[in-house]
């Protein structure tokens, strides 16, 4: 089932087209990666879908509803969750409390004060934490966690709003190689189990080729290729302008170290 339809998305900054006539679709349960060199328009496209930027032209439809140009909070309410390149969590709170805060907001109770707030939605929070492998750390302070585990908590927080679409901005940034693989495998499992579409930007080619169902390649604001990881790896133009010899494992390891 097609979840997200983006057509003709364009954004200019002055005389520069950061995104030009970008079109793609994303199915429920699918992992779609956006890659490209610096300045390719990845973040611009990503932020227009998430509501941080308003497109100059084009359409964005989520589950048949237009969300183009809506503010970020309205897009969140429409069913779009997000994680960030630098994990956004409350480090002074426990793991469970972070997820409970997200659930309070999702259920519309965040503007009221409750003396028993720590008891609200606790079982639901623990269930979400179990789904990302963090149930055993529920009572630990986030400040005590390894960064890879913080990223898992952030994923649970994003899932608290029961999103249809999950946006992930450089999800593996700052993580060790084993942590990267584990997080992306977990995300793929959660996406397929819950029929959540995942759109993510990424520089680590292993996180792309090992876990994406499809890949978009942007260069100078335009999509130059779209297809399966295997098709993108073999695409001569993509090799020329971005991957180089990235069809080899050695090149992917070198690129991963460069962005670590």
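Restricting the calculation to Cα positions, tell me the Rg (one decimal) and the Dmax (whole number) of the chain in Å.
Radius of gyration, then largest Cα-Cα span, for the chain: 18.5, 61 Å.
What does the extension gain come out to for residue 144 and residue 2, with contour length at 0.36 nm per residue minus their alpha carbon separation?
Between residue 144 and residue 2, full extension yields an extra 47.1 nm.
Nearest 10 degrees, 0 to 90: what angle lies between the long axis of helix 122-131 and the longest principal axis of the chain (Cα atoms)?
Value to nearest ten degrees: 40.
Please report Rg over Rh for the stretch 121-177, where both radii come from the alpha carbon positions and Rh follows the Kirkwood definition.
Here the Rg-to-Rh quotient is 0.97.
Taking 0.36 nm per intervening residue step and subtracting the Cα-Cα distance, what contour gain separates residue 12 from residue 65 on full extension?
Extending this stretch completely gives an extra 16.6 nm.
Stretch residue 185-residue 23 to full length: gain in nm at 0.36 nm per residue minus the Cα-Cα span?
Extending this stretch completely gives an extra 55.6 nm.
Only the coordinates and a few stated rules stand behind these numbers; no lab work does. Note that the structure is a prediction, hence the values are computed from the model and not measured.
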